[in-house]
Structure formats: structure tokens, C-alpha cells
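Here the structure is laid out as C-alpha cells; the discussion comes afterwards.
The values are calculated or read from the model by the stated rules, or taken from the named source; none is laboratory data. Values in this document were obtained by computation on a predicted structure and should not be read as measured data. Cβ placement follows ideal geometry from the backbone for every residue including glycine, while neighbour counts extend to all protein chains displayed. Note: accessible area is taken over every heavy atom of the protein model, side chains too, but ligands, DNA and RNA are not part of it. Shrake-Rupley method; radii C 1.70, N 1.55, O 1.52, S 1.80 Å.
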Amino acid sequence: MRRIKKLMTAVLLLCMTMCFAGCGEEKLVSEDFNRANIGNGVINPIMKTDTGYYYNQSSFNELSLHYYDVANGKNMYLCNKPECRHEGDEFCAATSDKYRVMDTVLYGGSLYISALEKTETAYEYKLLKAALDGSSLSEVITYFVIDNVSLATGGGGEMVIHRNKAFLPYFLVNPKNTEVGIGGVAIYDMESGELTYLGEKEGSLETKRERFEAYGDYMYFVQTQKYKKELMRYSYADGSVEKMELKTGFRGGYTVYDENTIFYIRGDGSEVHIFRSDTKENTQIDIEEWFGFFTEGEDGAQELLCSVSLDSMISDGEYVYIPENISFDRYSCPYQIYHSEGEPDTEYAEITILDKDGNYVNHVEVSSKKLLGYNEFFSLHFVEDTVYMQTPVMVYECSKADFIAGNADFKECYPLDINIRSAKELE
């Protein structure tokens, strides 16, 4: 009898263990969106784990998932099938010629990919899920379908996942008339499986919703109608949408510092304002100290070389970063600015660092030419205590402390083994 009781106890414990393990696998842990680590349609956010880095083909290319292993310093396809040739067939977990990728995000211990599949009769927008160990690639949900194949050009904006909700922009246009088409934003609740939409499911292209940024129980976004831009926010509590009462002339560049503070760019790109949600107060901050590129005059005094229109900014919750001569929203390289005949005076971007009240902290010069020997496209990402610079061939890193101190001392972090557009193609 004692042996039978022991056996029954062991079986019960095993069942409980399996049950809890199953629950653990199904439970999706809520994560907050890192608004200082964004993709831009060409390059993914930095997708870092304890063992390495993940990245994917983007810019409407075929699926090509990769993993860089820090321990052995190797790049590999994210597919654990040793016999797989990674040629885009259904057998491979890392590659596919079936989908066109728009964006990839690391969330909840998996990679989520927004993609478009074109069949003979329809366009199907889908959210895919890839396991971090390369064991599987699956379809989570089809969030938009249209059978109008005359709208032959499709795409979408950057996907944002925050607190278990995925915001998935999409659009389709007529290639003969790009003003004709449809667009929208799907909202997928990853816990309940519910699918809703931000505005009309098949909305007009006259209204665009873009530049999504999440904080707390809100998802912020820019709503554009012709030449008018407004900052809106979606409430996680009840699904309502409200307009932020910014001053007229909002250009679309903004960042959420905290639940009560929004920095934004106004006018011709030479004004920075702060909006306080509780009081609805708008305050213009003084940027004269740092706005523009300066050169040393004959008497040693600093002279303004030129001013560059501001159009983007990001915050990591500690500082606000405002770039001049590049944009955080686009994959770009600095313009060449000439003070006199001969070599350009500037081939770098200048990142100004502000505190929560808009006070100047420091600035830092960032140059891809310094690292690669030529002026190249790049993007910047702030992840915990590290700043990353992504170029078409290599990702570099430097400590956030050095960056804040004005020293962009970037070192090689990991190479990229995918096809990314380079500035050399424009030469």
C-alpha cells in the first residue's frame, strides 16, 4: 500500500509539474515598449538577449531571420534543422519566399514579424511568430485581407508592441495613382486574441496614422490629414482616442518623456516645446545655445555655420535626444555641409542631450565615416546602459555614460549578414 501511495504521489506531482509548465509556456508576460530603440522600415530595433542578438531582413524583402551568438562570434540562420539549406521553403524556420517582411520585434521571448503575403487573388497581412531557438515559424493571425489585386503596391509602418497589444499599420496603393488606395491600423490583443482597428478598417489614404510610441496605459501616434498633423493617444483602459492639445504648427516629431511630459517640434523645425498633460500647458524651450552647426571664426569666437531643420527626437526616460543632420525616424546619413571650397566641414550628426525640463546637458558628434572610412547610412538605438549604431554591414556599440559625456567611442559589436541598402548605391 505504501508503494502504491508513493507511486500515486509521484504521478500527481508529475501532472502538477506538467500543468504548471504548460501554464508557464502559455502565459505572456507584459512588456513595455522601449521608445528609444525603434526600427525604421529598413533596420530592426536592437533585439538583444543574454546570449546574442537577433535581426531580420526588412524593407519589404523576403523573410531572412538571423542570430549572432556572442559566445562563439558566429552569425547563423535562425533555424535549428541541420539538414536545412535555408532556401525559403516551408521546411525552413528562418527563411521564406512566401512573405514580404515589414517589421520585426523581440517580445515576450519570441520574435514577432509583420508581413504581407500576396496570393493569386488577394493580399493578406499577417503577424508571424518565430521561436528564439530556431525551432519554429508560425502564423499568429491574419489581420487584414483584401481581394482587390489592382492595388498592386502594399506595405506598412513600424509595428509597435506594448503591454501585450500589437499595433500593425498597413496600406495598399494603386501604382498608377499613389493617391488612390486604402490603409489602416490593426490592434491585436495578444492575450485575448481580439482583433480591433484604430479608425476604419479600410480607411482612406488621406488620413495617416504613424510614428507610434507607447508609455504607460497609452499608445501615442501622429495623425496626418493633408498638411495638418495632430498628436493623438489611444487609451488601453477603454479604447478611446483623444487629441493632445499641442500648439498649432506641430511638425510630427515628438517623444514621450513620462506620463505627464511630451517634447515636440514645431514650426519650421527650429522650435522645441514641452506639453504637460495635466495642465495642458505648452512651453517653448530655449535652444539657441545648441541649435545649429558652429565653426571657429578668425578671432576664435564660435560662429554659426548653418542651421538644420529638426524633425525627430527620442527619450529613454532619463534624457531626451535630438539629432541634427540625421533623423531617428529614417535610415539616413549626414549631409555634407561646406563652409568654404574644398572638403566638407561636416560629415557627422550632432546629437543634443536634454534633461526632463529641456535644459541642455551635452552634445555628441556621431560619424559613420569615422568607423567605415566613408559616409554611410546609420541609425541609433538606446538599450539599457548601451548606445548602438547600426550600419548596413556592422552594428557598433558604446557605453551610454560615454555618450552622455560627449564621447561617441563606438566599437564593433556584431556584423550583419543581410542585404541592406547602402549609401554607396547612390554614388
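Observations, loosely collected:
- Within segment 395-412, the residues that satisfy the criterion of being open to solvent by 30 Å² or more (accessible area, probe 1.4 Å) and within 28 Å of Gln57 (Cβ to Cβ) are Glu397, Lys411, Glu412.
Results for (1) open to solvent by less than 60 Å² (accessible area, probe 1.4 Å); (2) within 19 Å of Phe171 (Cβ to Cβ); (3) assigned to a strand (DSSP E or B), shown as yes or no for each residue.
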{"residue": "Leu28", "(1), (2), (3)": "yes, no, no"}
{"residue": "Tyr55", "(1), (2), (3)": "yes, no, yes"}
{"residue": "Leu65", "(1), (2), (3)": "yes, no, yes"}
{"residue": "His86", "(1), (2), (3)": "yes, no, no"}
{"residue": "Leu116", "(1), (2), (3)": "yes, yes, yes"}
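- Test: residue in segment 198-219 that is among the small types (Gly, Ala, Ser) and under 22 Å from Val320 (Cβ atoms): yes
- Condition broken by Gly157, with the remaining ones in (1) within 23 Å of Tyr215 (Cα to Cα); (2) assigned to a loop (DSSP other than H, G, I, E, B); (3) at pLDDT 95 or above satisfied: (3)
- Some residue of segment 367-374 being surrounded by 14 or more Cβ atoms within 10 Å (Cβ to Cβ) and part of a loop (DSSP other than H, G, I, E, B): yes
- Of all residues in segment 87-108 being touching a residue at least 40 places away in the same chain (Cβ under 8 Å) and more than 17 Å from Asn61 (Cα to Cα), the one that is farthest from the chain's Cα centre (by Cα): Gly108
- Residue check, Phe20 open to solvent by 90 Å² or more (accessible area, probe 1.4 Å), at pLDDT below 95, outside any helix (DSSP H, G or I) and aromatic (Phe, Trp, Tyr): no
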